[in-house]
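Notes follow the structure.
Every read-out reported here was derived from the displayed coordinates using simple, explicitly stated rules and does not represent laboratory data. No experiment lies behind these values; they were computed from the predicted model shown. Backbone-built Cβ (ideal geometry, glycine too); neighbour counts: all protein chains shown.
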Amino acid sequence: ALLAVVVFAFAFQPARETTRQVFPGMIWVAFTFAGILGLNRSFVGERQQDCLMGLLLAPLEPVSIYFGKVLGSLFLMGIMELVALPLFFVFFDFPFPGSWWLFFLTLFLGSLGFCLIGTFLAALAANARASEILLPLILFPILVPVLIGAVKASSMILAGGPITGEITVWLRILAVYDGIFFVVPWMLFDYVLEV
């Protein structure tokens, strides 16, 4: 994410209006690519050392492995966002006229959706021969609604206008999508581990 901040800072001039318009997209592109690097490694340890069988023999539901991985990914992504986000605002000299709590709610909902979807698909792709290549290929098409919702909500919040119904519509879309990918892996994760 830090590399993306530096590259974007050299590619776009901070004072231009076009830079201000694409600023939310740059934030989410950096977070997405940094998050994919983490997701690619999320099931590697269990696969290489065959620890997954030990986890499955533990007296707990297999879906708790999934939720543990989601919480771990969300924690690491949150730390990455807390480090990278101030740098985005400093490098691009971007004033923040919007609502902080709405912006952080958008970050949380977008990151949660990314981690819910990404962890499920990382478990699905973990046994593939080229899982590092396969994961982004299957993740990006499913992740598009989360990214669109997060970028649209972020751009409206960063514009600094009043809180309108359109912002809440995008936040509801993010929340519904997160809810769907909370329930679907909960029902299917046992079968994913058997593959």
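What is the helix-to-structure angle for 100-125, meaning the angle in degrees between its Cα long axis and the longest Cα principal axis of the chain, kept from 0 to 90 and rounded to the nearest 10?
Relative to the chain, helix 100-125 is tipped by roughly 30 degrees.
Helix 63-91 versus the longest principal axis of the chain: what is the Cα-based angle in degrees, 0 to 90, to the nearest 10?
Roughly 20 degrees, rounded to the nearest 10.
With just the Cα atoms of the chain, tell me how far they stretch along each of the three principal axes, in Å, largest first.
56, 35, 25
With unit charges on the beta carbon (Lys/Arg positive, Asp/Glu negative), name the residue among Val63, Phe92, Ala159 whose Cα is farthest towards the positive pole of the charge dipole of the range 40-181.
Projecting each Cα onto the dipole axis, the largest value belongs to Val63.
Between Leu76 and Leu3, how many nm apart are label points set 7 Å from Cα along the C-beta direction?
1.6 nm
Which residues among the range 62-76 fall inside the zone where the amide N is under 20 Å from a point 7 Å beyond the Cα of Met187, along Cα→Cβ?
62-67
Taking 0.36 nm per intervening residue step and subtracting the Cα-Cα distance, what contour gain separates Ile133 from Thr164 on full extension?
Working: separation 31, 0.36 × 31 = 11.16 nm, distance 4.00 nm.
Going from the current span to full extension adds 7.2 nm.
Could you give the distance between the Cα centres of the range 71-138 and the range 1-70, to the whole Å?
Cα centroid of the range 71-138 versus Cα centroid of the range 1-70: 5 Å apart.
Sorted by mean Cβ packing within 10 Å, highest first, what order do the peptides 126-133, 146-153 take? Write down the numbers at each step before the final one.
On the way: 126-133: 12.9, 146-153: 22.1.
Result, highest mean Cβ count within 10 Å first: 146-153, 126-133.
Any idea what angle helix 17-40 forms with the longest principal axis of the chain, computed on alpha-carbon atoms, 0 to 90 degrees, nearest 10?
Once rounded, the angle reads 10 degrees.
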